[in-house]
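The values are calculated or read from the model by the stated rules, or taken from the named source; none is laboratory data. Everything quoted here is computed from the prediction, not taken from an experiment. Every residue, glycine as well, gets a Cβ built from its backbone with ideal geometry; the counts of neighbours run over all protein chains shown.
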Amino acid sequence: MKKFIYILLLILPVSVFASSGGMDLDDADVDMSDYSSIERGAKYYVTYCLGCHSTKHMRYKRIALDLELDEAKVLEAIAPYGANIYDPMLTAMNKHDSTKWFGTNPPDLSLIARSRGADWLYSYLKGFYKDSDSPLGANNAIFKDVGMPNVLWQLQGEQSPVIKNENGQEVITKLISTKPGTMSAKEFDKLVNDLVNFLVYVGEPVQLERQKMGKYVLLFIFLFTAIAYLLKREYWRDIH
């Protein structure tokens, strides 16, 4: 009984967090073997996110090594103008300006995928809707009253929430498109998924190497188990 209660206590916060806002989280298609997706995500991140958010634990050199890219290509296609291949991914925005404009300093996103989860990030980036009552002109169905503008609105277009009353509280059940963006819904979903793929990679870059080594580790375990079993049979044959 105690074990059951402990399991409930562990699961409950995740369940409440995932269903906050009345909307279920969409499933992100995370694939760390898709280097092209991570590369595209890095480009989108520098273009749309790096202006406010750093990923200070990631360097452009590491991206080149992990994704097997030429350093010159990384500097030309991913890094901002004037960056060095050994530079960390730091924003140019200073704390004074960010606090003045947004009321707080935008967080570093090096570990955001590990703390929030890929599905949450994917749903959050797709969850902005027009809100004339918000100082930034937008709100978010996953993170209510978020202090962040919808930087992808031109690509996604505008959305409006469908609100229902549940147990005396108004909750958003879904978002509907009211004005198309420059991308189709499918194209935008792919862009957001690439961004999430990149942030998952940034949260644990070593997982690319770990996954490569995994098959060799498993092969070693199987071989060692087989040899150990044969040795056991040989030793016990003499004892009996």
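For Glu158, are the conditions met, namely being at pLDDT below 90, assigned by TED's automatic domain parsing to the domain that holds Val46 and either assigned to a strand (DSSP E or B) or closer than 25 Å to Val200 by Cβ (or both)?
Numbers: at pLDDT below 90: no; assigned by TED's automatic domain parsing to the domain that holds Val46: yes; either assigned to a strand (DSSP E or B) or closer than 25 Å to Val200 by Cβ (or both): yes.
No.
Is it true that some residue in segment 121-130 is exposed (fewer than 15 other Cβ atoms within 10 Å of the Cβ) and either more than 16 Å from the chain's Cα centre (by Cα) or farther than 30 Å from Thr178 by Cβ (or both)? Break it down stepwise before answering.
Of segment 121-130, the ones exposed (fewer than 15 other Cβ atoms within 10 Å of the Cβ) are none.
No, because not a single residue in segment 121-130 is exposed (fewer than 15 other Cβ atoms within 10 Å of the Cβ) and either more than 16 Å from the chain's Cα centre (by Cα) or farther than 30 Å from Thr178 by Cβ (or both).
Scan segment 157-175 for residues that are over 29 Å from Leu191 (Cβ atoms) and surrounded by 14 or more Cβ atoms within 10 Å (Cβ to Cβ) and report the count.
Residues of segment 157-175 that are over 29 Å from Leu191 (Cβ atoms), as a first pass: 164-170.
Those still in the list that are surrounded by 14 or more Cβ atoms within 10 Å (Cβ to Cβ) too: none.
Here the count works out to 0.
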Top-ranked residue of segment 23-52 - restricted to ones that are surrounded by fewer than 18 Cβ atoms within 10 Å (Cβ to Cβ) and of a type in the set (S, T, N, Q), ranked as modelled with the lowest pLDDT = Ser33
ask   = Just checking, how many residues over segment 161-213 are in contact with a Lys or Arg (Cβ under 7 Å, 6 or more places away or on another chain), at pLDDT 95 or above and either assigned to a loop (DSSP other than H, G, I, E, B) or of a type in the set (A, V, I, L, M, F, W, C) (or both)?
value = 1
message = Among the residues in segment 188-195, are any assigned by TED's automatic domain parsing to the domain that holds Tyr124 and free of Cβ contacts under 8 Å to residues at least 60 places away in the same chain?
response = yes
request  = Find the helices (runs of 4 or more DSSP H) located wholly in segment 34-139 whose residues include 3 or more that are free of Cβ contacts under 8 Å to residues at least 60 places away in the same chain, and list them.
outcome  = 35-48, 60-66, 71-77, 95-102
query = Is at least one residue of segment 53-71 touching a strand residue (DSSP E or B) at 6+ places or on another chain (Cβ under 7 Å), within 17 Å of Met148 (Cβ to Cβ) and surrounded by 19 or more Cβ atoms within 10 Å (Cβ to Cβ)?
reply = yes
